[in-house]
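Take a look at the structure below.
The values are calculated or read from the model by the stated rules, or taken from the named source; none is laboratory data. Bear in mind the structure is a predicted one, so any value in this text is a computation, not a measurement. Here the Cβ is made from the backbone with ideal geometry for all residues, glycine too, and neighbour counts use every protein chain on show. SASA here: full protein model, heavy atoms, side chains in, ligands and nucleic acids out. Shrake-Rupley method; radii C 1.70, N 1.55, O 1.52, S 1.80 Å.
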Amino acid sequence: EAKAHVSKLGKNSEEFDVREYLQQIMDSLERGDESRSYYLIRNMLKRRHEFIPSEIVAQCVPHVVKHGFRVQGRFILLWEKSAALNPQQTWLNTARTLVNPKLTEDDLWANPLQLFQIPEHITKSSLGVKILLHILKGYLSLCKARLDERDPPHANKAKEHAENKNFYLTLQNSAIVQLLLDLTSNPKSRQTDTTAIEADHVYENSALIYNFLHDFFINNDGLSKLVCWQTFKLDQIEGVVNGVPSLHVACKFTSNMLQQPSIQKQLFAVCLLSYLAVQYPIQQTLQACNEMLQWAISQTSQLSTLWTLLSLESLVRISKAFPPLADPITRLLVIQKKLMFKYDADSIKHKLKVHSGDNWSGNPMHKIDQAFQKITTDILTRMKGS
């Protein structure tokens with residue numbers, strides 16, 4: 001039936017009305033007719049178009065995400081075709097459909113962050129993420145171009161104008177990175193998804209975002225350093241390090257982060273460094289890990305004990321990535337275990353819960369012993385293997 005309808009509507013070019021045909025697509029999407037929607041979209045993609053009514057294409061998006069991957073896969077090609085023919089109109093109409101019908105182009109290039117008001121059920125789909133990233137990239141380019149066009153009132157203020165523009169763009173870009181990271185999932189959460197299809201879906205969304213961030217960091221010098229200094233969730237670090245190759249430079253500034261008085265920044269730095277060590281077991285990362293351990297061994301305060309206890313998993317990862325560092329790591333554990341006898345056990349446990357977001361459980365002494373055992377077991381396994 002669907003094929004017959006397609007054949008009837010598309011008998012020849014004179015009978016083909018693009019607007020009417022798109023309305024047919026939207027009607028079938030609204031009714032949830034998967035087969036008919038697929039064939040209608042497929043047939044439209046086969047034709048050459050000089051014009052596609054982007055407002056109707058945009059109105060289809062909320063209905064398409066309710067369909068399966070087959071329909072979504074075809075529709076994104078149609079949406080991209082519309083964006084290729086009339087980019088800014090397609091971006092704007094889609095943003096109006098998904099965010100606010102009163103949005104203007106000036107609103108969006110002046111503040112692309114408004115795009116993150118797209119409903120969560122849309123951004124959970126691969127289609128929604130692809131559309132978000134496409135529009136976001138477009139308005140970021142437009143924003144930069146519009147700011148470049150604005151000449152300062154006086155020539156002697158050109159430098160100040162450029163500095164203000166760069167400062168504004170840097171803050172905007174770092175906020176965008178943080179919002180995009182919130183749309184990703186950490187690898188451990190993917191393993192607990194209810195179905196394999198959902199797990200693949202989540203993985204694809206994260207991969208799309210990581211590819212975007214990779215290019216984003218390359219094209220915006222210093223952005224990766226700023227984002228790391230701002231920190232993000234520890235359970236997001238593994239995915240970001242594995243998925244964003246341009247973040248390998250982060251090992252250059254982890255030592256500076258360790259010098260900060262904030263224990264959260266210190267914990268972020270060692271966790272980041274541990275995943276960098278696993279992903280990039282090279283001389284530069286080894287040197288950064290060695291510097292971190294020398295710093296940690298030199299610390300003898302209660303705060304350093306908390307840091308060590310909260311960094312045990314990271315230290316074990318570093319030991320596995322760089323076996324020669326197992327010795328200084330075990331030395332650090334021995335030093336901190338001795339220091340713990342000087343402190344009140346209940347006070348230590350309370351502070352561990354505070355700094356870990358109430359995620360800490362178990363006896364601190366036992367945790368150190370377990371980490372020590374994991375390191376020594378790994379060394380013995382390597383020795384037997386060789």
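Structure values in brief
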read-out: Using θ = phi - 60° and Karplus 6.51 cos²θ - 1.76 cosθ + 1.60, couplings along region 109-121 (whole Hz; Gly, Pro as x); value: 6, 6, 8, x, 4, 5, 5, 7, 8, 4, x, 4, 5
read-out: Accessible surface of His248 - all protein chains present, 1.4 Å probe, nearest 10 Å²; value: 80
read-out: Cα long-axis angle, helix 364-385 against the chain (0 to 90 degrees, to the nearest 10); value: 80
read-out: Degrees between helix 283-298 axis and first principal axis of the chain (Cα, 0 to 90, nearest 10); value: 50
read-out: Contact order normalised by residue count of the chain, Cα under 8 Å, 6+ apart, percent; value: 8
read-out: Accessible area of region 26-173 belonging to carbon and sulfur atoms, whole % at 1.4 Å probe; value: 49
read-out: Rule-of-thumb Rg ratio for region 227-295 [Cα; 2.2 N^0.38 Å; N residues]; value: 0.99
read-out: Rounded, prolate or oblate (a/c below 1.5 giving rounded, otherwise prolate when a/b exceeds b/c) for region 81-148 by Cα gyration tensor; value: prolate
read-out: Computed Kirkwood radius, in angstrom, where 1/r is averaged over Cα pairs of the chain; value: 24.4
read-out: Surface accessible to a 1.4 Å probe, Thr376 within the full protein complex, Å²; value: 50
read-out: Pairwise label distance in nanometres, Gln178 with Arg331, each label 7 Å out on the Cα-Cβ vector; value: 3.9
read-out: Stretch gain in nm, segment Ile218-Arg150, where the contour uses 0.36 nm per residue and the Cα spacing is subtracted; value: 22.0 nm
read-out: Arg48, Arg70, reordered so the largest accessible area comes first (probe 1.4 Å); value: Arg48, Arg70
read-out: Nitroxide proxy distance, nm - points 7 Å out along Cα→Cβ at Arg382 and Ile297; value: 1.6
read-out: Rg(Cα) / (2.2 N^0.38 Å) computed for region 333-386, rounded to two decimals; value: 1.44
read-out: 1.4 Å probe accessible area per residue over the chain, in Å²; value: 51
read-out: Gain upon complete extension [Arg48, Tyr343; 0.36 nm per residue less C-alpha separation]; value: 98.7 nm
read-out: For Phe212, solvent-accessible area (1.4 Å; no DNA, RNA or ligand), Å²; value: 30
read-out: Accessible surface ranking that places the most exposed of Lys157, Lys124 first, with a 1.4 angstrom probe; value: Lys124, Lys157
read-out: Cα-based helix-to-principal-axis angle, 126-149 vs the chain, degrees rounded to 10; value: 90
